[in-house]
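Student: Shown below is the structure under consideration.
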Amino acid sequence: MGNFNKVELRNQNRSGRHNSSLNQKLRLEPFRLTDNVMVLGRYKGRKITEVPTSYLRWMMKSMDMCKTRALIVKDTLIKAL
């Protein structure tokens with residue numbers, strides 16, 4: 001690694017404070033497809049059917065899941081109605 005000081009990084013717009021990727025959705029796989037158990041987050045270890053619908057809606061809005069996982073979450077939300 002080169003020796004960069006803060007002024008050089010700021011002049012190169014590489015300070016880290018203006019990270020454009022922060023506004024993008026996270027690409028995560030929040031649950032296993034084999035048994036639909038959450039592998040991360042507040043409800044880690046619980047089946048997706050045991051997770052509150054408000055959390056599932058947040059997952060749909062905030063996470064960039066594969067189509068299969070998104071359909072499973074959508075079906076779970078529909079069944080919860």
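Student: Rounded to whole Hz and in sequence order, give me ³J(HN,Hα) for the range 45-50 from the Karplus expression 6.51 cos²θ - 1.76 cosθ + 1.60, θ = phi - 60°, writing x for Gly and Pro.
Tutor: x, 9, 5, 5, 6, 8
Student: Additional query: When the chain is fully extended, how far beyond the present Cα-Cα distance does Ala70 get from Leu40, taking 0.36 nm per residue of separation?
Tutor: Taking 0.36 nm per residue and subtracting the Cα distance, the gain is 9.2 nm.
Student: Continuing with this model, one more query. Taking the Kirkwood radius as the inverse of the mean 1/r across Cα pairs, report the Rg/Rh of the range 25-80.
Tutor: In the range 25-80, Rg relative to Rh is 0.90.
Every number here is computed from the coordinates shown, using simple stated rules; none is lab data. Here the structure is a predicted model, which is why all the values come from computation and not from measurement.
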